[in-house]
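Below is one structure, written out as structure tokens; the observations come after it.
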Amino acid sequence: MGKGTVWSVNTPSEIPEGPHWAIVTFGSIHIPGDERSRTNPGHGYPASTQTSLSYTVYTSEEEWKAEIESLAARRDKKFVALVAKRPVIRTHIVVEMD
């Protein structure tokens, strides 16, 4: 693999095929509205909240369990621990001529 035993995923290709452990953490970012939306309703853009998530891969069960314990101790952290198995997907192309 060449990545060590823990890494954050930024692209689908970084998720290993086959079994691994993972932690998905959830967060949110508040974006305040602009001045025009406060002084002239219907103009500008209103305040909003965007949600985010991160997927972290673990190839070491011990490190995965240690991180779960650490996150569970921080009650403000929203996460899901997973035992994942990404299948290998193969496609076949058939060309037929009549």
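Restricting attention to segment 7-61 and to residues that are in a strand (DSSP E or B), small (G, A, S) and more than 15 Å from the chain's Cα centre (by Cα), the residue that is modelled with the highest pLDDT turns out to be S48.
Give me the pairs: first residue in segment 44-56 and within 8 Å of S28 (Cα to Cα), second residue surrounded by 10 or more Cβ atoms within 10 Å (Cβ to Cβ) and β-branched (V, I, T), beta-carbon distance under 7 Å, and six or more apart or on different chains, which are they? Short answer, once both residue conditions are applied: Q50/I31. Here is the figure for segment 57-98: residues that are more than 19 Å from S13 (Cα to Cα) and touching a residue at least 12 places away in the same chain (Cβ under 8 Å) total 12. Is it true that some residue in segment 67-76 is more than 19 Å from V6 (Cβ to Cβ) and part of a loop (DSSP other than H, G, I, E, B)? Yes, segment 67-76 has at least one match. Residue count for segment 47-66, restricted to those that are more than 17 Å from P16 (Cβ to Cβ) and surrounded by 13 or more Cβ atoms within 10 Å (Cβ to Cβ): 1.
Please go through segment 37-77 and give me each residue that is among the β-branched types (V, I, T) and in contact with a strand residue (DSSP E or B) (Cβ under 8 Å, 6 or more places away or on another chain), ordered by number. If the condition is that a residue be among the β-branched types (V, I, T) and in contact with a strand residue (DSSP E or B) (Cβ under 8 Å, 6 or more places away or on another chain), then T49, T51, T56, V57, T59, I68 are the ones that fit.
Yes/no matrix, rows are residues, columns are (1) loosely packed, with under 10 Cβ neighbours inside 10 Å; (2) not aromatic (F, W, Y):
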residue: W7; (1), (2): no, no
residue: G18; (1), (2): yes, yes
residue: G33; (1), (2): no, yes
residue: H92; (1), (2): yes, yes
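The values are calculated or read from the model by the stated rules, or taken from the named source; none is laboratory data. Just so we're clear, the structure is a prediction, and the values are computed from it rather than from any experiment. No Cβ is skipped: glycine too gets one built from the backbone with ideal geometry, and neighbour counts run over all protein chains shown.
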